[in-house]
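K.L.:
Quick one: the structure is below, questions incoming.
The values are calculated or read from the model by the stated rules, or taken from the named source; none is laboratory data. Being a predicted model, the structure only gives us computed values, none of them experimental. Cβ: placed from backbone, ideal geometry, glycine included. Neighbour counts: every protein chain shown.
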Ligand code: SF4
Ligand code: SF4
């Protein structure tokens, strides 16, 4: 199963959910955690897996051979990102705006454009026992998250249970990461801001056609409005994590909840079983994983 974990806004507890779900599940099955929050990948702050593999990610940037160019302007016309401009005797490329879509080089009538790879980030992998982490890191100053997310998702191993930690928000990187998932868990907190951003995130998952459910983090404040919204929009609330000092202290020390409070392990496993049943997957066989249990 491919399960993505998203949130309409940052700081709601997405990392807490992704890492603890991955750790709990790795006692039963092979798990791949894909950290697609590429601007701020921090799952490994909690997992502390040794990184054993690293690969640069490039996007193709146009380079114009002006000995062939007739300054017709077609490349500039097709570029919806305004990343290439044609002056009377000069073509200017703005690499920081270029999405590497290739349209300009494909449509240049003089075949005057070649493409050069520009590094925009890196994909790293590490594993221990049943758990493998694949994380994308966008270079500082770069804005093109989707190519890194696509590069991370290329490493999906169909024989594992896949958990995708998605960027916060509702923009392109979120769509890129969630597309293809069997289910999307939306983590929210019971505040007016949290509810507003949750409603936007629910709309995005509906648009993409991925079923979703909600986890309320820091529950116990005033989740009545969130519950009402979920009821009215037929979105199931699948877990509540209470506002609890001990949980906050563990998180601030980088200690996973399932290790600091092992009683939570069953709750995360139950959450996964619940989702598996909703997407038509059978119960996980006991001990279906191989290798060392991290618990
Ligand atoms: S489309 Fe090709 S020939 Fe026309 S201006 Fe651009 S690079 Fe030059
Ligand atoms: S590769 Fe795409 S985004 Fe980049 S300059 Fe060409 S048309 Fe524009």
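K.L.:
Residue 106 passes all but one of (1) more than 19 Å from residue 143 (Cβ to Cβ); (2) within 14 Å of ligand 2 (Cβ to nearest atom); (3) in contact with a strand residue (DSSP E or B) (Cβ under 7 Å, 6 or more places away or on another chain); which number fails?
P.N.:
(3)
K.L.:
What strands (runs of 3 or more DSSP E) completely inside region 80-128 contain at least 2 residues that are crowded, with 18+ Cβ neighbours inside 10 Å and within 33 Å of the chain's Cα centre (by Cα)?
P.N.:
In region 80-128, 113-128 are the strands (runs of 3 or more DSSP E) which contain 2 or more residues that are crowded, with 18+ Cβ neighbours inside 10 Å and within 33 Å of the chain's Cα centre (by Cα).
K.L.:
Which one of these does residue 71 not meet: (1) at positive phi; (2) more than 10 Å from ligand 1 (Cβ to nearest atom)?
P.N.:
(2)
K.L.:
For region 264-280, state whether one or more residues are at pLDDT below 95 and more than 28 Å from residue 29 (Cβ to Cβ).
P.N.:
Among the residues of region 264-280, not one is at pLDDT below 95 and more than 28 Å from residue 29 (Cβ to Cβ), which makes the answer no.
K.L.:
Suppose we filter 180, 254, 209, 220 for residues that are closer than 25 Å to residue 136 by Cβ and in contact with a strand residue (DSSP E or B) (Cβ under 8 Å, 6 or more places away or on another chain); which single one remains?
P.N.:
The match here is 180.
K.L.:
Could you grab me the full set of residues in region 39-63 that are assigned to a strand (DSSP E or B) and more than 10 Å from ligand 2 (Cβ to nearest atom)?
P.N.:
51, 52, 53, 54, 55, 56, 57, 58, 63
K.L.:
Can we say residue 269 is in contact with a helix residue (DSSP H, G or I) (Cβ under 6 Å, 6 or more places away or on another chain), closer than 27 Å to residue 49 by Cβ and either touching a residue at least 60 places away in the same chain (Cβ under 8 Å) or not in a loop (DSSP other than H, G, I, E, B) (or both)?
P.N.:
Yes, satisfied.
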